[in-house]
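Just so you know, all these numbers are worked out from the coordinates, no wet-lab data involved. All of these numbers come straight from a predicted model, not from anything done at the bench. Cβ atoms come from the backbone with ideal geometry, glycine included; neighbour counts cover every protein chain shown.
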Amino acid sequence: VTLLEQNPRWRLVPRGQAVNLRCILKNSQYPWMSWYQQDLQKQLQWLFTLRSPGDKEVKSLPGADYLATRVTDTELRLQVANMSQGRTLYCTCSGTGALVNQDTQYFGPGTRLLVL
Amino acid sequence: GEQVEQLPSILRVQEGSSASINCTYENSASNYFPWYKQEPGENPKLIIDIRSNMERKQTQGLIVLLDKKAKRFSLHITDTQPGDSAMYFCAASADSGYNKLTFGKGTVLLVSP
């Protein structure tokens, strides 16, 4: 059963242009949503965890700037700007600890970004 | 923060033999240790995990061992098959940041017939 949908699945990004990504949660039993990046060397790195609608966070990492927003209980967004190297962004979800474990995280299908 | 070291980076085994991947962590507060398998072009998929109240866990040809004193945990794949060829990642997290997984750099497992 698919827990997460991500779109777009891939995008060519002209250098200097920002791109907006979406992640949709399909099962409300896993409300903790996070973003991870995977770089070209396959290294996985946590970016953000946002639980409540209205939560926003920003972060700058080598090669990209990020703005994450929890829009609704089921939608998480990520704006990627100033990207100089390609990467894949994964959305994850985990439970509340009531019916499902809080620490177990499941990955969405990912959005692959390539720099033009 | 946490740092996780994973070795080896590449592991070549013959079909039917076992494969072992080792990880160490630094933060003694870490209490959750998952393992993910990632095939080319796919997302990471959870294959097994262990929590700090256990020392060993086994499921479907996979064994995970946890040594909290040494801050070390390992994945053992018994009777490897070509379908086990993939990249494997270990990770660690602590209660205080249970949604923040810190990953090792990954191990490419190649199982030859």
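Sorted fewest first by neighbouring Cβ atoms within 10 angstrom, A:Arg22, A:Arg9 come out as A:Arg9, A:Arg22.
Classify the range B:7-57 as rounded, prolate or oblate, taking a ≥ b ≥ c as the square roots of the eigenvalues of its Cα gyration tensor: rounded when a/c is under 1.5, otherwise prolate if a/b is larger than b/c and oblate if not. Judged from the Cα gyration tensor, the range B:7-57 comes out prolate (a/c at least 1.5, a/b above b/c). Summing charges over neighbours of B:Tyr32, with a neighbour being any other residue whose Cβ is under 13 Å away from its Cβ, gives 0 when K and R count +1 and D and E count -1. Seen from a random direction on average, the alpha-carbon convex hull of the range A:1-51 projects onto 4.7 square nanometres. Each label was represented as a point 7 Å from its Cα along the Cα-to-Cβ direction; for A:Arg11 and A:Leu114 these points are 1.6 nm apart. Taking the fewest neighbouring Cβ atoms within 10 Å as the starting point, the ordered list for B:Ser85, A:Ser28, B:Ser30 is A:Ser28, B:Ser85, B:Ser30.
Full extension of the chain segment joining A:Asp39 with A:Lys56 gains 3.8 nm, where the gain is 0.36 nm per residue of separation less the Cα-Cα distance. When the P(r) of the range A:50-116 is calculated, the portion above 19 Å amounts to 43% of the C-alpha pairs. Peptides A:105-116, B:10-21, A:74-85 ordered by packing proxy, namely the average of other Cβ atoms within 10 Å per residue, highest first: A:105-116, A:74-85, B:10-21.
For the protein assembly as shown, just say rounded, prolate or oblate: build the C-alpha gyration tensor, square-root its eigenvalues into a ≥ b ≥ c, call rounded for a/c under 1.5, and beyond that prolate if a/b exceeds b/c, oblate if not. Prolate. Expressed as a whole percent, the proportion of Cα-Cα pairs in chain B lying more than 24 Å apart is 19%. The local environment of B:Thr80, defined by Cβ-Cβ distances under 11 Å, has a net charge of -2 under the rule Lys, Arg +1 and Asp, Glu -1.
Taking the centroid of alpha carbons for each part, the range B:25-47 and the range A:62-95 are 19 Å apart.
Take every pair of alpha-carbon atoms less than 8 Å apart whose residues are at least six positions apart; their mean separation over the length of the range B:1-73 yields a relative contact order of 25 percent. Just so you know, the Rg over Rh for the range B:30-96 is 0.98, from Cα atoms, with Rh as the Kirkwood radius. With the cut-off at 23 Å, report for chain A the share of all Cα pairs above it, as a whole percent. Value for chain A (Cα pairs over 23 Å): 24 percent. Pairs with C-alpha atoms separated by more than 32 Å, drawn from the list A:Lys56/B:Lys71; A:Lys59/B:Lys57; A:Lys26/B:Lys69; B:Lys57/B:Lys100; B:Lys45/B:Lys68; A:Lys56/B:Lys68, are A:Lys56/B:Lys71; A:Lys59/B:Lys57; A:Lys26/B:Lys69; A:Lys56/B:Lys68.
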